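A quick write-up on the structure given underneath.
Laboratory data are not the source of any read-out in this text; all were calculated from the coordinates shown. The structure presented is a predicted model; accordingly, all values stated were derived computationally and were not measured. Don't worry about glycine lacking a Cβ; one is built from the backbone with ideal geometry, like all the others, and counts go over all protein chains shown.
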Amino acid sequence: MAGFEILLAFFIYLTLFAWIGWQRGYKRELVVFGVASLVWIVLMSRGDIMVSIANLGGKFLAFLEAGGLSGNTEDAFGAIGDAPDWVTDDNRQGYLFAIWMGVVVLTYILTTIFMSVVKNGWAILVGLLNGFLYAAILLPRLVGLVVPDAEINPVTSSTNAFFVLIGSTIDLLLSAFGSIWDVIKPAAPVTFLIFVIILIVVATSSLRASS
């Protein structure tokens, strides 16, 4: 039962992202999904580049503070060697995660300003994909808060969580549909007729709205 409650809460969470996708449109959401997933993969696989840039920036600042541009080069170069790294193994993941968050937020802002809203079924689908992506990235970190000693690989954990969450959601939906079918199975012909009528009404309403 606890597993069902967790999946139900996650379903509510996905509903929120589906609504966000509908409000923002599929073009905006698709760009956000592409940027968020690509930047995350690059940071997790090539994050050493960003770490080196940050640490070089710290050493260059130490060089300036020691008077490197005013002619006191000996002390300035000595300060470079004594300057501590801004990004270490202890805060590396937090630093890369902060970069990813900044890029995602900036992408949301830019797509809102420069891209139009196109509302359709694809908008809901891409909104759901964004929900899965964020949950997969955040889930290993939430586990780390609950179990501080847990060994978590940020790349494999996020990737595995992404597919596990999708699979669990599909299982929940299939189980729900199976339960509903068991109830309506004795009256299947009538149920099918009602479904067709509803489908015709919805299609007619959509055509009238578009015209």
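Can you tell me the FRET efficiency between Asp90 and Ile41 if r is taken as the Cβ-Cβ distance and R0 is 25 Å, rounded to the nearest 0.05?
That gives a FRET efficiency of 0.60.
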**OP:** Arrange Ile113, Ile80 by Cβ neighbour counts within 10 Å, fewest through most, would you?
**Re:** Ile113, Ile80
**OP:** Provide Ile99, Ile200, Ile137, Ile41 in ascending order of the number of other Cβ atoms located within 10 Å of each residue's Cβ, fewest first.
**Re:** Ile200, Ile41, Ile99, Ile137
**OP:** Between Ile99 and Leu56, take the C-beta separation as r, use R0 = 22 Å, and let me know the FRET efficiency to the nearest 0.05.
**Re:** 0.90
Original post:
Which order, highest average first, do 25-34, 118-127, 51-60 follow once you tally other Cβ atoms within 10 Å for each residue and take the mean per peptide?
Top reply: 25-34, 118-127, 51-60
**OP:** Please turn the phi angles of segment 11-16 into ³J(HN,Hα) values with the Karplus equation 6.51 cos²θ - 1.76 cosθ + 1.60 (θ = phi - 60°), one per residue in order, whole Hz, x for glycine and proline.
**Re:** 5, 5, 4, 5, 4, 4
